[in-house]
Amino acid sequence: MKNDMGIVAVDSSSEVGALLRLSWPIILSLMVQGLYNLVDSMYLARLGEKVMSAMSLCFVVQNMSTFLFTGMATGMNARLSKALGEADLSAAKRAVFNGIVVQAAITALFIVFGCFFTRSYFTLSTQEEAVIENGVAYLQPCMILGITAAAQIFFERALQGCGLSKYSLYCQMVGFGLNLLLDPILIFGWGSIPAMGVRGAAYATILGQGSAAIMALYFNIKKNPVVFSQLLHENRYTKREVGRIFYIGIAASAVGIVTSIGNYCLNRILLGFSTTANAAFGIHCKIESLMLIPRQGLNVGLITLFSYYRGKLQIHRIKKTFRCGLVCIGAWSILCTVFLLGFPKLLYAPYALSDEMLEIGIPAMRIIGLTQIPSGCMTVLCAFFQATEHSIYTIAYALIRQLIVRIPTAFLLAKLGQIALLWWCWPISEVLSDLANVVFFIFAWISLMRELNLPVMTCSTKELLHEAEL
């Protein structure tokens with residue numbers, strides 16, 4: 001359906017239908033985006049263990065940049081969706097323009113990192129010269145030319161915020177197709193094109209992202225003219241709007257950013273055991289990140305719906321959306337748990353790992369897999385925090401989960417000298433952080449009820465809290 005501004009609006013007749021319609025293009029889009037790293041890794045695995053260890057360290061920074069770009073775009077998306085729910089076209093344009101400003105600032109930071117600090121990052125992590133050289137060769141061009149990733153994510157989120165999610169999928173398919181075609185050519189060489197190794201994989205990714213970004217911009221101009229018409233010709237910059245987008249965005253990316261920092265710390269701990277352990281962990285992270293994509297897509301859909309219904313003052317729709325999110329994400333998390341616990345060797349099969357790497361990776365996958373279901377439920381709570389401008393709770397949850405509990409626990413378990421024990425830092429940190437997050441949810445829900453001048457505790461509210469605890 002279309003609203004009175006001509007923008008595709010949320011069909012609120014069915015929360016499940018609305019959530020899936022908003023989420024499935026995003027899920028497929030993120031899945032294709034996740035395949036960039038997966039395909040790169042499958043080709044680069046042929047170049048040896050040192051290369052995979054370097055890619056494990058690269059993956060930390062790449063993930064951080066992706067989470068930041070995605071978070072800021074999600075912040076813009078939440079403000080855009082709220083404006084559309086309120087039928088405020090001026091606010092919608094202001095959200096998009098200021099979102100561009102925020103995204104440009106984040107991009108500039110990563111360009112500076114790529115130009116001046118890439119090598120320092122690797123030398124602080126390891127003394128293995130082969131790991132350092134391969135890591136710099138891949139990560140530096142990805143950071144310096146990171147504007148392609150930033151633009152792709154931003155313009156796709158703008159389409160999604162206006163209910164035009166299917167066009168973002170078209171962009172992703174073109175970008176991934178180009179990356180898939182260029183990877184073997186640039187990595188191993190073809191005809192007169194010389195073999196470029198890991199640097200070739202970086203350029204293939206950049207070219208794929210750039211093509212997707214151009215397509216996404218085109219679709220915004222052609223299919224989303226109400227919001228994008230004369231956008232850059234109007235002075236709509238406001239510190240207040242930038243602050244709101246950044247606040248929502250940093251919370252939306254907080255879990256991913258803190259996870260990246262936590263993974264970097266874990267990489268340092270694992271390098272104390274061996275580069276083999278570090279490489280095995282890096283591959284596990286790639287597999288798990290691909291499995292988490294449906295959850296991330298549903299999270300974006302939930303933020304959009306929560307924001308839209310909040311703008312409409314429809315608390316009953318918010319409650320129904322909450323339940324739908326728990327069911328959908330919970331079902332996917334159960335499926336992931338089954339595969340991680342029951343078929344870890346099958347998941348590692350595309351990488352043709354050595355017996356030593358499998359011996360490390362399989363226990364890691366099974367133990368970490370125990371956290372899938374509870375962490376999936378927490379995704380719904382975090383989406384609610386972000387949409388209702390209680391993002392500080394998401395940040396606090398991420399900090400408790402990753403840095404306050406997990407890393408110190410991993411450090412202590414590593415002292416025992418058995419790498420299999422180290423993986424138990426995941427279940428321990430999950431239990432403690434989830435308990436804290438349920439408490440945060442209670443405060444956020446009470447705040448929303450007061451904002452809407454509704455009774456704080458109702459039967460439905462109690463049911464929501466019961467489901468959150470489960």
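Worth pointing out:
- Residues in the range 380-390 that are polar (S, T, N, Q) and surrounded by fewer than 23 Cβ atoms within 10 Å (Cβ to Cβ): Thr388 alone.
- Residue ID - nearest to Met52 (Cα to Cα), chosen from residues in the range 102-135 that are modelled with pLDDT under 90 and among the β-branched types (Val, Ile, Thr): Val131
- Single match in Ile303, Ile318 (criterion: touching a Ser or Thr at 6+ places or on another chain (Cβ under 8 Å), under 30 Å from Glu86 (Cα atoms) and modelled with pLDDT of 85 or more): Ile303
- Residue within the range 134-143 that is more than 22 Å from the chain's Cα centre (by Cα), surrounded by fewer than 22 Cβ atoms within 10 Å (Cβ to Cβ) and farther than 22 Å from Gly208 by Cα present: no
- Out of Ile334, Ile269, Ile261, sole residue that is within 18 Å of the chain's Cα centre (by Cα) and either of a type outside the set (A, V, I, L, M, F, W, C) or assigned to a helix (DSSP H, G or I) (or both): Ile261
- Hits in the range 401-433 - residues which are assigned to a helix (DSSP H, G or I), among the charged types (D, E, K, R) and closer than 23 Å to Ser274 by Cα: Arg406
- Scanning the range 402-445 for residues that are more than 21 Å from Gly256 (Cβ to Cβ) and of a type in the set (Phe, Trp, Tyr) yields Phe411, Trp424, Phe443, Trp445.
- All positions within the range 117-133 that are out of contact with any Lys or Arg (no Cβ under 9 Å at 6 or more places or on another chain) and open to solvent by less than 20 Å² (accessible area, probe 1.4 Å): Thr118, Phe122
- Residues of the range 60-118 classified as among the aliphatic types (A, V, I, L, M) and more than 15 Å from Cys162 (Cβ to Cβ), total: 15
The values are calculated or read from the model by the stated rules, or taken from the named source; none is laboratory data. What you are looking at is a predicted structure, and each value in this text was computed from that prediction instead of being measured. No Cβ is skipped: glycine too gets one built from the backbone with ideal geometry, and neighbour counts run over all protein chains shown. Protein only, heavy atoms only, side chains kept; ligands, DNA and RNA dropped before computing areas. Shrake-Rupley method; radii C 1.70, N 1.55, O 1.52, S 1.80 Å.
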